Ligand SMILES: NC(=O)c1ccc[n+]([C@@H]2O[C@H](COP(=O)([O-])OP(=O)(O)OC[C@H]3O[C@@H](n4cnc5c(N)ncnc54)[C@H](OP(=O)(O)O)[C@@H]3O)[C@@H](O)[C@H]2O)c1
């Protein structure tokens, strides 16, 4: 792949930062979409020092907020003519039930609506590229989600459990990937999802529960992969010629594998798509 313009969400930390460093080292132009300006500036300087690449651009948005994403995307569309690769990577876990500015449970807002909105608002730029790619960071934890319960997107039903909410949100990443892969075909845009593995990053330390944070930190430090290994599929799907034209697949360790049985359910993909459009107030493809 020749040098491309690649946008990575959540590039201030963990897998997104590592992917940005490696892709910058390959010579690509990198757009970082991050929530915190200072952290973003630190990431830019780390990526620059690591890669020697100066083609780095920082934009900020709260990716759990539709308005905030729309505003950042509007600016990016003024500054760039095309986008070759979009890596939807930013994600989070939430220990307690909380609603976003848009009235969406935070795990769903951060991990699903985030991807849906970033992709929608930047889709014109992707269409302008010759053969753009979308890479959605999901997780093998989606195998544990046995259904999509739309009510839980907006309200607490019974007791809220952090892992169930996360698993459902990661199933939505895979459902969204397969639905979008079909819809994006006429535009020559490929869409794939990936599981990075169990990776040592601070994701489990950010949800406000010190005990959970400590358990996550110890377990992922002892048993997790390094970010260098974890980000390998991000880099492969964003930049390798080997995946030219490959779409609608789920990758782990740079190899395609089967996702859960219900992730292939077209009715469920359609239900998620329609609900995402309804809540967002727009039609997307
Ligand atoms: N680590 C694992 O074992 C693992 C396994 C499977 C899948 N994943 C997935 O990998 C992706 C990256 O996670 P990670 O482990 O690298 O975690 P991480 O180190 O916490 O990185 C997450 C990134 O997302 C950003 N982010 C979160 N919420 C945001 C928001 N509302 N607005 C803007 N940016 C936001 C974070 O920004 P801040 O730096 O400001 O917090 C950070 O840059 C996630 O989608 C996660 O679900 C991770």
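Rule-based calculations on the coordinates, nothing more; no lab input. Everything numeric in this text was worked out from a predicted model, so none of it was measured.
Overview of values
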item	result
Candidates 57, 195, 142, ranked by Gaussian network fluctuation over the chain, Cα under 10 Å, top entry	57
For the range 149-212, the Rg and Dmax computed from alpha carbons only, in angstrom	15.7, 48
Principal axis dimensions, the range 63-154 - Cα atoms, whole angstrom, descending	40, 28, 19
Helix-derived mean residue ellipticity, 222 nm - over the chain, DSSP H n ≥ 4, -39500 (n - 2.57), to 500	-13500 deg cm²/dmol
Relative contact order (percent, whole number), the range 176-217, Cα cutoff 8 Å, 6+ residue spacing	26
Length-normalised contact order for the chain - Cα pairs under 8 Å, 6+ apart - percent	19
The range 123-176 - Rg and Dmax from Cα coordinates, angstrom	14.9, 48
Volume per residue of the C-alpha convex hull in the range 1-122, rounded to whole Å³	95
Relative contact order (%) - the range 11-95, alpha-carbon pairs under 8 angstrom, separation at least six	28
DSSP bridge pairs, the chain: antiparallel proportion in percent, nearest 5	15
Per principal axis, descending, Cα span of the chain in whole Å	50, 43, 36
Calculated P(r) of the range 89-243 - Cα pairs past 21 Å, %	49
Whole-number D in µm²/s for the range 194-285 (Stokes-Einstein; Kirkwood sum over Cα pairs; 20 °C, 1.002 mPa s)	133
